[in-house]
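First the structure, in the form of structure tokens, and then the observations on it.
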Amino acid sequence: MAPTPLGIGLFPVSSMSSRALLLFAGFVFLQVTAGAQDIQSRVQAMLDRARQLSDIRSPVAPAFRLKATFSFVGDDLDPVQGTYTETWVSDSQWRRETVVGNLRHIEVGDSDKRWLLFPDEFPGRANKVAAIMAFLPPASAELDFISITERTAARTVAECAFTKPIRPGQQSAFCFEQKTGILLENAYPDRRPRNIVMFSCDYGDFKKFGTRWFPHEAVCFEDRHKTITANVVELTIEPPLDPALFDKPSGAIELDRCSGKTVPPTLESPMLPRELDPDRLLWVRLWFVVDKNGRPLNMKAARVANKGAYEKALNTVRAWRFNPGTCDGKPILAEMTVEVPATPK
């Protein structure tokens, strides 16, 4: 059944800003009271319905090419723009490329591996665009739901499902349009090296693609502050493609894929340099791969503000040991980001 239009088009651009932040704004709501098992099964049915309506990456979906533009405010408060391109044949054959200026972040996947070309100083917010375009939580995600709330904004009635919080005020949530079952908004605690922020995305301008409805606009927020805007400019069914498109990119890093329960790597016990100067302290953000023995490999800087501090941060992290990430209890190659305090030489 096709979703019910809410105005000009399915979810018009003009309604997006007024519908934003259903999860957090103080709209009229009705708390659904039921047993935990009833809530879990009901939300699972809502997620299944949303996937049926909008999952363009399901096993029975056709191959596609998606291109989007995005923008955000950079670390220097300058506007940053970029493009995202995804070519998807199946869960075991896909390619994603995110471009900002002359920086190209490329990811290629097959059934059990993925290869990542991650340039130095690639913006962290640009690295979120692939997840924004993924839109729906994977079926393998383990989500413990504890409540369902009905909320209304701009003539849109939605049912918002909330997970058990990892700490007060920090829980994942999903809002579904009541009439159609389409997912309108999601939110989750985003773990940063030094803090946790709530990251949420509001989706709109849904358009038909085959038998499914896919959002062509996303507006995302960090702790309710607007950060990233993305617009789909192309979504087309692709004919058979050149297999070389899915070859490992030159210089790419190999990582494991996991379709089961994933546990990210963790730091055992960091040892920080003793000679830190509080008046010259810089925080250096590093991305790297933790191997199956807990060693950091392929370190990349998210931003090199000072070469001397960067080199000191690299030496610090090289001496650290980590608990490797796991897939169903078995060690895997997994990525990690940390921030390290350092001072220039």
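Of everything in segment 257-283, what is modelled with pLDDT of 85 or more and assigned to a strand (DSSP E or B)? Give them in sequence order. Hits for segment 257-283 are Thr262, Val263, Thr266, Leu267. For segment 302-316, the condition of being in a strand (DSSP E or B), of a type in the set (Asp, Glu) and either open to solvent by 50 Å² or more (accessible area, probe 1.4 Å) or without any contact (Cβ under 8 Å) to a residue 12 or more places away in the chain (or both) holds for none of the residues. The residues in segment 246-261 that are of a type outside the set (Ser, Thr, Tyr) and exposed (fewer than 12 other Cβ atoms within 10 Å of the Cβ) can be counted, and the count is 2.
Within segment 319-329, one or more residues are surrounded by fewer than 14 Cβ atoms within 10 Å (Cβ to Cβ), under 20 Å from Asp91 (Cβ atoms) and at pLDDT 90 or above. There is at least one residue in segment 128-142 that is surrounded by 21 or more Cβ atoms within 10 Å (Cβ to Cβ), under 19 Å from the mean Cα position of the chain (by Cα) and at pLDDT below 95.
Taking the residues in segment 209-237 that are at pLDDT below 95 and open to solvent by 40 Å² or more (accessible area, probe 1.4 Å) as candidates, determine which candidate is nearest to Arg125 (Cα to Cα). My answer is Lys226. The residue of segment 275-301 that is most open to solvent (accessible area, probe 1.4 Å), among those that are closer than 15 Å to Pro123 by Cα and touching a residue at least 60 places away in the same chain (Cβ under 8 Å), is Arg285. Only a single criterion out of (1) modelled with pLDDT of 90 or more; (2) touching a helix residue (DSSP H, G or I) at 6+ places or on another chain (Cβ under 7 Å) is not satisfied by Lys345, namely (1). Go through the residues of segment 116-124 one by one and say whether even a single one is in a strand (DSSP E or B) and more than 13 Å from the chain's Cα centre (by Cα). The answer is yes; a qualifying residue exists.
For segment 331-345, which residues satisfy the criterion of being among the β-branched types (Val, Ile, Thr) and in a strand (DSSP E or B)? Walk me through how you get there before you give the answer.
Narrowing segment 331-345 to residues among the β-branched types (Val, Ile, Thr): 332, 337-338, 340, 343.
Ile332, Thr337, Val338, Val340, listed by residue number.
Assess whether Glu97 counts as being touching a strand residue (DSSP E or B) at 6+ places or on another chain (Cβ under 6 Å), open to solvent by less than 40 Å² (accessible area, probe 1.4 Å), among the charged types (D, E, K, R) and closer than 21 Å to Phe209 by Cα.
Details: touching a strand residue (DSSP E or B) at 6+ places or on another chain (Cβ under 6 Å): yes; open to solvent by less than 40 Å² (accessible area, probe 1.4 Å): yes; among the charged types (D, E, K, R): yes; closer than 21 Å to Phe209 by Cα: no.
Taking the combined requirement at face value, the residue does not satisfy it.
Is one or more of the residues making up segment 100-109 open to solvent by 20 Å² or more (accessible area, probe 1.4 Å), at pLDDT 90 or above, of a type outside the set (A, V, I, L, M, F, W, C) and within 20 Å of the chain's Cα centre (by Cα)? Yes - at least one qualifying residue is present in segment 100-109. Within segment 182-208, being surrounded by fewer than 20 Cβ atoms within 10 Å (Cβ to Cβ) and outside any strand (DSSP E or B) holds for Arg192, Pro193, Arg194, Asn195.
Of all residues in segment 72-82, those satisfying the criterion of being in a strand (DSSP E or B) and loosely packed, with under 15 Cβ neighbours inside 10 Å are Val73, Pro79, Gln81. Taking each residue of segment 66-77 that is over 30 Å from Pro239 (Cα atoms) and among the acidic types (Asp, Glu) and looking for partners that are open to solvent by less than 40 Å² (accessible area, probe 1.4 Å) and assigned to a loop (DSSP other than H, G, I, E, B) with beta-carbon atoms closer than 9 Å, six or more apart or interchain, yields Asp75/Pro123.
The values are calculated or read from the model by the stated rules, or taken from the named source; none is laboratory data. On a predicted model such as this, the values are computed, not experimentally measured, just so you know. Counting neighbours? That spans all protein chains shown, and the Cβs are built from the backbone with ideal geometry, glycine included. Just the protein is used for accessible areas: all its heavy atoms, side chains included, with ligands, DNA and RNA removed. Shrake-Rupley method; radii C 1.70, N 1.55, O 1.52, S 1.80 Å.
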